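The values are calculated or read from the model by the stated rules, or taken from the named source; none is laboratory data. This structure is a prediction, so every number in the text was calculated from the model and none was measured. Cβ placement follows ideal geometry from the backbone for every residue including glycine, while neighbour counts extend to all protein chains displayed. We work out accessible area using only protein heavy atoms, side chains counted, and drop any ligands, DNA or RNA first. Shrake-Rupley method; radii C 1.70, N 1.55, O 1.52, S 1.80 Å.
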Amino acid sequence: MEAATMAWTAAVVGAGLVYWFVWVMGAAEVKGKRAVDLKMGSITRDKVQDKYTQYWSFFRRPKETATTAASAEKVPAFVDTFYNLVTDIYEWGWGQSFHFSPSLPGRSHRDATRVHEERVADLLGARPGHRLLDVGCGVGGPMRAIAAHSGSDVVGITINEYQVKRARAHNRKAGLDSPRCEVVCGNFLSMPFPDASFDGAYSIEATCHAPRLQDVYGEVYRVLKPGRLYVSYEWVTTPLYHAEDPGHVECVHGIERGDALPGLRRQDEIAAIAKEAGFEVLKEQDLALPPALPWWTRLKMGRIAYWRNSIVVRVLTLLRIAPKGVSEVHEMLYETAQHLTRGGETGIFTPMHMVLLRKPPAAASTEEEAK
Amino acid sequence: MRLLTHNMLASNVRGATTGYPLTLEATNWCTKEVELNSDFIRGLLPKIDWRALVAATRAVGLPELLPEEQPPEEEIFADGAADVEGSAIRRIHHALLEVHVQEGSLVCPDTSRCFPINKGIPNMMLHEDEV
């Protein structure tokens, strides 16, 4: 009787602890997926560790070699591996929109995210009857917000097949299934769409994965109708970044390594690259600058949440619910958060350099003359 | 994958001249009922390549579903047409939104490159040497 009572007490306390751990401590963060549903994307369980090791060894290389032709060609495969590894953890921690947004006074992260997304629709002048392209749509958080806000249809493209499945499932739950929101598995450097088939396009912190920004801008230009707009939120270093400062270099390299980036662009390069692709640059703005509140505050919830998540992940791994390697992925994401935070605090990095571009209306006659 | 999605996809493989429309080879498809919304079809129709849609309906064993030429708008959106079994708008709605291809492939008309459709998801990823 004593032993039974103690066992039951321990069980109840244990359940209470788990409840407190996951649902009370994590209430602000637990959106989308539940902790016990960590499947690490479409990679089979026994391959998570191998994929993680392979990924890390690739990005541990010095930046110079990462940009050589041979390495650059591997980038699509490693971006795919990266998002397979992190999609479930990202959803657990971030919800369904894998991007930053300026913090808003008195508003939740969720609200700030939504405002950041709806701004895209407003900039594009999106409305019912439009078909928009989401370049690098992830699991489709922005797509659903923009479709709901503007009444436009959105077609997203992502390199990762697991994200296609996740995005479609979320679209169905939101009542925004195809054709309101459709997702295609493909590479945004070579998109499977006809020329001049979209009324607008946007990318939210996705083009940073392209080895050459010119290539993705060129593809967006091709599939956009003449006279239509493209909005992009770019990850860039700012003029405050100095390549001779070892602290800056370590920070930027840490961001690149932790987010599967072939190399961060400089802020002043973006407009030139867009013009090279044929676009007119209508507007450029770093949305991170004051009076915007710091975008990195959501990363600073930090240490206690990290410790809690780390323990949950390790226990789940021990119990074989989550496959081996999840802990390492989780730790990598935490380190990356430190680099991103430092980039934000020092002002050398911004994930929300907004550019509004237009494909010239005259492009139509040019194409007709060519034919 | 709905036939509407097929209608918007093209092959961008090196060597393709237009890469459109892709030839649909369906090995498994099904239909799921969706409520008809006339306004929605009205807004969607200008974006549809009709010949590509007709070819797709034939690929899923529905050769009689749609006529070779797109019917006039007055016929499609005639008053009460949405309630008539077998009306033009009902057929178009069925073709675009109710037919789902689960397994098969999409073939580039210029290069014969095959893109697999697995569990309703077409994988349009190109190999490095195809970009």
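Using θ = phi - 60° and the Karplus relation 6.51 cos²θ - 1.76 cosθ + 1.60, list the HN-Hα couplings for the stretch B:16-31 in order, rounded to whole Hz, with x at every Gly or Pro.
Per-residue couplings from phi come out as 7, 7, 10, x, 9, x, 6, 6, 8, 10, 9, 9, 8, 9, 8, 10 Hz.
Per residue of A:164-177, what is the mean number of Cβ atoms on other protein chains within 10 angstrom of that residue's Cβ?
Values: counts 5, 3, 0, 0, 2, 0, 0, 0, 0, 0, 0, 0, 0, 3.
Taking all residues of A:164-177 together, the mean is 1.
Separation between the residue A:331 and residue B:118 pseudo-spin-labels, each 7 Å from Cα along Cα→Cβ, expressed in nm?
3.2
Given the protein chains as shown and a 1.4 Å probe, how many square angstrom of residue B:8 are accessible, to the nearest 10?
My reading of the accessible area for residue B:8 is about 20 Å².
For the pair residue B:33/residue B:81, report the inter-label distance in nm, with labels modelled 7 Å from Cα in the Cβ direction.
Here the modelled spin labels are 2.3 nm apart.
Under unit Cβ charges (Lys, Arg +1; Asp, Glu -1), what dipole magnitude, rounded to 20 debye, does chain B have relative to its Cα centre?
Once rounded to the nearest 20, the dipole reads 420 debye.
Given H placed 1.01 Å from N in the peptide plane, which residues other than close sequence neighbours of residue A:183 have an amide H under 5 Å from its amide H?
A:156
Summing Lys, Arg as +1 and Asp, Glu as -1, what charge do residues with Cβ under 12 Å from the Cβ of residue A:220 carry, residue A:220 excluded? Kindly include the intermediate steps, with their values, before the conclusion.
Working: positive: A:222, A:225, A:228, A:358, A:359; negative: A:134, A:195, A:215, A:219.
Residues close to residue A:220 contribute a combined charge of +1.
Applying 1/(1 + (r/R0)^6) with R0 = 25 Å to the Cβ-Cβ distance of residue B:17 and residue B:50, what FRET efficiency is obtained, to the nearest 0.05?
Plugging the Cβ-Cβ distance into 1/(1 + (r/R0)^6) gives 0.75.
Kindly flag which residue pairs out of A:225/A:283; A:173/B:32; A:165/A:359 have an alpha-carbon separation exceeding 28 Å in this structure.
Those over the limit are A:165/A:359.
Across the stretch A:282-287, in residue order, what do the Karplus-derived ³J(HN,Hα) couplings come to in whole Hz, using 6.51 cos²θ - 1.76 cosθ + 1.60 with θ = phi - 60° and x for Gly and Pro?
Per residue, the Karplus-derived 3J(HN,Hα) values read 8, 7, 9, 7, 8, 6 Hz.
Averaged over every viewing direction, what's the projected area of the C-alpha convex hull for the stretch A:133-176? Give it in nm², one decimal, please.
Average of the hull's projected areas for the stretch A:133-176 equals 2.6 nm².
What does the charge add up to near residue B:47, with Lys and Arg as +1, Asp and Glu as -1, over the other residues with Cβ less than 12 Å from its Cβ?
Overall, the nearby charge balance is 0.
Working from the alpha-carbon coordinates of chain B, get Rg over Rh, Rh being the Kirkwood radius. Numbers along the way, then the final one.
Working: Rg = 15.5 Å, Rh = 15.5 Å.
Here Rg/Rh amounts to 1.01.
What are the ³J(HN,Hα) values, in whole Hz, obtained from phi via the Karplus relation 6.51 cos²θ - 1.76 cosθ + 1.60 with θ = phi - 60°, for each residue of the stretch B:32-37 in sequence order, with x given for Gly and Pro?
Ordered by residue, 3J(HN,Hα) equals 10, 5, 10, 5, 7, 10 Hz.
Can you check what the net charge comes to around residue B:115, using other residues whose Cβ is under 12 Å from the Cβ of residue B:115 (Lys, Arg +1; Asp, Glu -1)?
Net local charge, residue B:115 excluded: -1.
Report, as an integer, the average count of C-beta atoms from other chains found within 10 Å of each Cβ along A:179-192.
Whole-number average of other-chain Cβ neighbours for A:179-192 is 6.
Could you check which residue among B:16, B:56, B:95 shows the biggest mean-square fluctuation in a GNM of chain B with a 10 Å Cα cutoff?
Sorting by GNM fluctuation, first place goes to B:16.
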